[in-house]
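Single-structure report; data block below.
The values are calculated or read from the model by the stated rules, or taken from the named source; none is laboratory data. Keep in mind it's a predicted model, so treat the numbers as computed, not measured. No Cβ is skipped: glycine too gets one built from the backbone with ideal geometry, and neighbour counts run over all protein chains shown.
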């Protein structure tokens, strides 16, 4: 909670850039309201998981950016090739990621990289729509899954 | 040194602009809803990454860079959530994805 409060306060100070008492008061007020709303929505139910994962996120992002660039190139070539050689498939991906936060990261990572979109996620099984067979095969090799699993702490 | 940074940021911004263009062309060319979404995600992610990195290089080590980075992060975090919501809504409302002949039945639905 304190982490979020700190982030919100720093964000407000950086963004407004005006340090009058009224504006600062408004900032403090909106930080507290946001915190309250987040708590009501159950945002902090997973905070212990989140604290353990957050330090390993930047490394994962770097890898994800590489993957995004690669798959963007593939999709761009697909779009621009005159015969439009797409070959859509829907695959089921079993995942070893157990916790909700990890599953969210996995699903969003899959959607984020062009060529694959998560359609549904249900009890360690994801339904993924892929633009062509190659991206489906790459997905089923399960490197994303392994990477996200290694984000999770052993339990 | 300035020139190198400039050239790098121009390249990145050009790549971003091209991604937007290709994404747009893709949305028009693709045959069905789900494959259109793939083309749109090109605009969503690659363009965001390239354009914002290019702009950050232009801004240098200033407050603007921090803000640009934050905007990029928010876009990248919320984009896939929106795409997922869209795809899931389409799936639950019964729009079947157009699928070519399945190869192995245990993997392909």
Can you tell me which residues in the range B:43-63 are at pLDDT below 85, more than 7 Å from chain A (Cβ to nearest Cβ) and part of a helix (DSSP H, G or I)? B:44
How many residues does the range A:6-31 contain that are closer than 30 Å to residue A:152 by Cα and loosely packed, with under 14 Cβ neighbours inside 10 Å? 3
Selection within the range A:1-42 - touching a residue at least 24 places away in the same chain (Cβ under 8 Å), assigned to a helix (DSSP H, G or I) and under 27 Å from residue A:98 (Cα atoms): A:3, A:4, A:38, A:39
Sole exception among (1) surrounded by fewer than 16 Cβ atoms within 10 Å (Cβ to Cβ); (2) under 20 Å from residue A:135 (Cβ atoms) for residue A:116, by number: (1)
Pairs returned, first residue in the range A:57-82 that is under 15 Å from residue A:106 (Cα atoms), second residue that is at pLDDT 85 or above and crowded, with 20+ Cβ neighbours inside 10 Å, beta-carbon separation under 6 angstrom, 6 or more apart or interchain, are A:64/A:109; A:68/B:45
Wholly within the range A:78-133, which strands (runs of 3 or more DSSP E) include no fewer than the required count, namely at least 1 residues that are within 15 Å of the chain's Cα centre (by Cα), facing chain B (nearest Cβ under 7 Å) and at pLDDT 80 or above? A:116-122
Scanning the range B:28-42 for residues that are facing another protein chain (nearest Cβ under 9 Å), free of Cβ contacts under 8 Å to residues at least 40 places away in the same chain and closer than 22 Å to residue B:84 by Cβ gives B:30, B:38, B:39, B:42
Identify, from the list B:68, B:86, the residue that is under 30 Å from residue A:137 (Cα atoms), assigned to a helix (DSSP H, G or I), under 20 Å from the mean Cα position of the chain (by Cα) and at pLDDT 85 or above. B:86
Failed condition for residue B:100, given (1) surrounded by 13 or more Cβ atoms within 10 Å (Cβ to Cβ); (2) within 8 Å of another protein chain (Cβ to nearest Cβ); (3) modelled with pLDDT under 85, with all others met? (1)
Taking the range A:89-110 and keeping only residues that are touching a strand residue (DSSP E or B) at 6+ places or on another chain (Cβ under 9 Å) and more than 15 Å from residue A:138 (Cβ to Cβ), one is left with A:90, A:92, A:94, A:95, A:103, A:104, A:107, A:108
